[in-house]
Amino acid sequence: MSNPSRRPASWKAFSCLFPIVMVGVQLGQTALAEGTETKKNLHRKSDRSSASHAVAATGGTKAQKDKASSHDQDNSQSKIENIHVTAKKSPETQQLNAKNDVSIADAKFIESHPDNNIAETLARLPGVNVLSTTIGGSIGGSSAMIDNASRGEGQFLSVRGIGPDYTQSLIDGVNVANAKPASRQLQLSLMPPLGFSQAVVNKTGQASDSGEWVSGFVDFQTLNAFDVGHDVLSLKTRGEFIGKGYQYGTQHSPFNGGGTVQGEYSHIFGRNRQFGIHAVGYYQSRSFTSLTSNENEGNWDVINSLTGSDHTPTPNIPITQNLTPAQINPQLSYGNSQRYGGNLAFDWHGENATIFVRGSYASSNTSQTTVQRGLQSTNQNWVLQPNGTYNVQEVGVVGSYYLDTNPEIQNLGIMQAGFTLDHEWLHSKTTAFGSLAEDDEDSVNLAYKNFNLDPSGNSLTLSPSYIGSPGTPTIALNASQLAEFNNLSNYVPQTNSNWGFGGVEETKYKNNQSLWGLKQDFSADTNLSFLKKILFGAKYYDTYRTATNRDYTYDNSDGYLPGMADSLASSGFINGSTRIGNYVTPLMNAGEIRDYLHSVPLSYASASYGGNWTGSAAQTAYNANANTQMSSESVTAAYIALPFDFDKVQITPGLSV
C-alpha cells in the first residue's frame, strides 16, 4: 500500500523579482494528508486463494487438504488486482486544514445553485464579490462599462474588496491567457456553469503559490473520471424568463431569457480500470433587457452657490446634496449572448506513474444594442436668492436620441498534459501547458438631436425627478413639450457644426494573448518524524499579447454624410419602437447601420490622431501604431517549502524566487 503523503504536491509557485520568505503556522489536529483527496493502490489476492486458506484452516478430508495444498502452491502465482480508492475531503475540512486563508466551493455546492456562470456561484463565498465589469477589462471608458453592466450577469471576481484586475485565475493550477489588456483574470462568464470538481479561492499565499496576484487567486479545478469514480451519462437543461423583455418588446418567446443545455460523460475502463475519460459540453443562450441611466461623469452643476459659480458651492450644504445633473439619459439595453464549449480529461493510472491530458474550449458571441433618450442642457442661469446665494437653472434643453451597439466575440482554448512519478523517496509532477484567448468588438454609435424642444432657451428647466426604485430620472414636460420630444421627424443627425462633434462613430477593438509554459513539482520523503517531506519546484512560462483600438468619427463639413437622411424618422434604420417612461424610443437594425457605415468613404472619418482620414501611407502607419499595445512577458519562478510537524503545531517556512 502506497503512502498517501507521497503524492506530489499540486503546483504552487510564487513569482517575483526578489526572494520572499514565507512562514505559515497551523495550530490544532495534524492534517491527515496534503491535498484534497487521498488515493491508494491496494493489492488484493484472488477469491480462490482466500477460499483455500479457509478450507485448510478448518481441516477436512485428505482430498480437501490436498486440494488446499495445491491452491497454496498456486497462491504465489495468484493474480494481482489494482483497486483505486479515492477518499475526498469536504470543503470544510480542507479549509480547516489549509495553511493559508481559503474558501472552497466543491461540485455539490456549485450544482446546488442555478446560476448563469461560475462567477455568480463563487460570489456566495465569504470575502468574494462578483462584478459585471472591470476597468482593466473595458475599452471605451464609463459608457462601455455601463453597457457591459447592462448585460446583468457577473463576469469577474473581486477578492478581499480589491479590484478584479488584481485577482489571478488558474485552471487546474496553471496560468491561463485572458483577453483583457490590463488584467490577469479570466472573464468567467465564458466558463461553463458546471463541470468543476471545485474552485479554491486563495486570499493569502504560501511560498509554493503562484505569485502574479495582489488580492488573491482562484484555482478552477476540472473533473476527471477518477474524481467521479463511476460511469456517468447525463443531460441537464434549464430555461429562463425575463419580464422586462416583454415589457419593452425586445424579447417575445416563452423562454425569452434563454436557457442552458449541458451534457456530461465519464467512463473508467481497461483490464485493471487504469484508463479514464471525462467530457463536459454545454450550450447557453442568454437574453437580457435592462433599464439604466447614464448621467455622464463631469456633467453636473452645483445647485446652490455663493457667487453663481460651480467653483463656490455653499459650504454648509453637503456636496452630495448640492449637485444636479446637467443632463439625464435614461437608456434601454438589450441583446443576447450565445456560448458553447466544454472540458475534456483523459487519464492513465499505473502502479507508480500517471499520465494526464486536459483540454478546455469556450466561445461566446454577444450582440447588444443600447438606445438612449436624453434631455441635455446647453446653458445655466444663476438666480439670486433672498439669503444672497445663487440657485442654478439648467436651461437650453435639447432632446437627444443615441444608439450604441456593443457586440463582442470571445474565444478561449486551454491545453495541458503531463505525468506523475513515484520512485521510492522522490515523487514528481510534470506539466506542460498552453492557452490562447481572443476578444473582438466592433461597435457603432449613432446620434440625433432635436433643437426645437426649447427654441427660446429659457422656457424649459432641467429639474429631474426620480420615479420607481431605484429610480428612473424624468422631466416634467407639458403636453406640447412632450409631443415635440416624441416627434421623430424633428431629430436631425448630430454633426460637428450643430453640436461640436460628429454623431456617427465606429470603434474596433481586438485583443489576443497566447501563453505557454512548463512546471515541475517535487516531494521528497525524509523519514524524519518532524519533517516528513520537503516540497520544491519551478516553473517557466512565456506570454505574448496584442491589443488594438481603432476609433473613427464620421462627419461632413458641408452637411450630412452621403446617403444619410435628414431626420431620424426617415433614416430607414428603424425596425420597431418602445417607450422609456413617456418617451417614444425607436429600435433600430444594428446590422443595417453597420452596413451603411462601411459604405461611407473613409475620407469622411477622422482617425484617432485628429483631422480627416485620407488613407495616406503616413496616416495609415500612424493609426496602426497610435492605439496598439504589444507586450511580452517571461516568468521564471522556483520555491522550496519545509512543512515541519510538531504534533499539534505545524510550521511551514518557505522561500520563493
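The values are calculated or read from the model by the stated rules, or taken from the named source; none is laboratory data. Here the structure is a predicted model, which is why all the values come from computation and not from measurement. Cβ atoms come from the backbone with ideal geometry, glycine included; neighbour counts cover every protein chain shown. We work out accessible area using only protein heavy atoms, side chains counted, and drop any ligands, DNA or RNA first. Shrake-Rupley method; radii C 1.70, N 1.55, O 1.52, S 1.80 Å.
First check a/c for segment 158-293, with a ≥ b ≥ c the square roots of the eigenvalues of its C-alpha gyration tensor; if it is under 1.5, answer rounded, and if not, answer prolate when a/b is larger than b/c or oblate otherwise. Oblate. Would you mind telling me the share, in percent, of accessible area of segment 471-547 contributed by carbon and sulfur at probe 1.4 angstrom? Carbon with sulfur: 59 percent of the solvent-accessible area.
At 1.4 Å probe size, with every protein chain present, just tell me what the per residue accessible area of segment 502-544 comes to in Å².
Numbers: 1850 Å² over 43 residues.
Dividing the accessible area of segment 502-544 by its residue count gives 43 Å².
Multiplying the residue separation of V357 and R271 by 0.36 nm and subtracting their alpha-carbon distance yields 28.9 nm. With a Förster radius of 35 Å, plug the Cβ-Cβ distance of N496 and A538 into 1/(1 + (r/R0)^6) and report the FRET value to the nearest 0.05. With R0 = 35 Å, the Cβ-Cβ based efficiency is 0.05. The fraction of accessible area contributed by carbon and sulfur in segment 340-452 is 57 percent, rounded to a whole number (1.4 Å probe; ligands and nucleic acids excluded).
Per residue, segment 313-450 exposes an accessible area of 37 Å² to a 1.4 Å probe, with every protein chain left in place. Among the chymotrypsin sites (Phe, Trp or Tyr not before Pro) in segment 540-576, those located in a DSSP loop and surrounded by at most 16 other Cβ atoms within 10 Å of their own Cβ are Y560. Taking the Cα centre of segment 211-342 as origin and assigning +1 to Lys and Arg Cβ atoms and -1 to Asp and Glu Cβ atoms, the resulting dipole is close to 720 debye. By the rule of a C-alpha distance below 14 Å, with chain neighbours fewer than 8 residues away ignored, the aspartates and glutamates paired with K180 are D165, E408, E438, D439, D440, E441. Relative contact order for segment 327-405: 31 percent, from Cα pairs under 8 Å spaced at least 6 residues apart, divided by residue count.
Can you tally the net charge around V280? Count Lys and Arg as +1, Asp and Glu as -1, for every other residue whose Cβ sits under 14 Å from the Cβ of V280. That works out to -1. Among residues other than Q380 whose Cβ falls under 15 Å from its Cβ, what is the net charge (Lys/Arg +1, Asp/Glu -1)? Overall, the nearby charge balance is -4.
How would segment 388-511 be classified by its alpha-carbon gyration tensor: rounded, prolate or oblate, with rounded meaning a/c under 1.5 and the a/b versus b/c comparison settling the rest? The shape class here is prolate. Each Cα pair under 8 Å and six or more residues apart adds its sequence gap; the mean of these over the residue count of segment 382-454 is a relative contact order of 39 percent. Counting charges near S599 (Lys, Arg +1; Asp, Glu -1) among other residues having Cβ under 15 Å from its Cβ returns a value of -2.
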